[in-house]
Ligand code: ATP
């Protein structure tokens, strides 16, 4: 039987700047991306019967062409005229619509798997070219690790690895659509932009205080006023030993960077009890590539 089991890793943005809106409606961004040891699991099986069938543990997720897993599979099936079918089991653990690129990472895993299962011989660059047709974050989800993402997020430069630390993740009980956040962002009215280059320098030097001072996400200017709970969670983490705390992507997930595991664990348990967060995870930075 031809079958692959894969982990699709979640990401956070250690820094996120938006430079402007493009004519095609997308935004030009500069983002520092980091994968975490938090993942969805996929089990992908080749079948004689043609077609793409998806089963998932989340009843509210679509399993048709609206699922990014389906879109990625269909793209490759069509492009490479694959005659066999695919049975895909998708176990979601990455919070949905949370700013952690869960769907994009699932799509990346499917592209990687189909390349392997059908011996397509695609290079990473070619897989990334195909991936961007599904979503701007998909190329990064294929690359993984610490990276600078520019353009719409698809222009990637590998960075020196983020120094090891513990990453506390808390998603408040609200879902935020990426479209809503970018749609309401007023780039011209932003009072400041994060110093992404300074952040990268601090990170390369392993300077956590420098990183904490230079962390910034311009999308907080839209998501936090709509959901003040995000700021409350940031404060909660900062008062409990986080070196820095920020919203990831378009939110609402908040992450806190910790160098002290005891403080991170203590805050993890407190957040679990607090009802401020629907999902709480404790991870570390995770630089395993495909
Ligand atoms: P990003 O960080 O890239 O903005 P996100 O965390 O905000 O991503 P996702 O969890 O990837 O958002 O998904 C957002 C939307 O996409 C959801 O509303 C969901 O219905 C739809 N979707 C389609 N396929 C998937 C999938 N495999 N996993 C999660 N969501 C999916």
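Every number here is computed from the coordinates shown, using simple stated rules; none is lab data. Everything numeric here is computed off the predicted structure, so don't read it as measured data. Note: ideal-geometry Cβ built from the backbone for every residue, glycine included; neighbour counts use all protein chains shown.
Some values worked out for this structure:
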quantity: Breaking point among (1) within 27 Å of residue 210 (Cβ to Cβ); (2) more than 22 Å from the chain's Cα centre (by Cα), for residue 275; calculated: (1)
quantity: Cβ-Cβ under 7 Å pairs, at least 6 apart or on other chains, region 166-180 side within 17 Å of residue 137 (Cα to Cα), far side within 12 Å of the ligand (Cβ to nearest atom) and not in a loop (DSSP other than H, G, I, E, B); calculated: 176/223
quantity: Region 11-47, residues that are under 20 Å from residue 107 (Cα atoms) and in contact with a helix residue (DSSP H, G or I) (Cβ under 6 Å, 6 or more places away or on another chain); calculated: 33, 40, 42, 44, 46
quantity: Of all residues making up region 45-74, the number that are in contact (Cβ under 8 Å) with a residue 40 or more places away in the chain and over 21 Å from the mean Cα position of the chain (by Cα); calculated: 3
quantity: Checklist (1) touching a strand residue (DSSP E or B) at 6+ places or on another chain (Cβ under 6 Å); (2) closer than 22 Å to residue 34 by Cα applied to residue 89, failing item; calculated: (2)
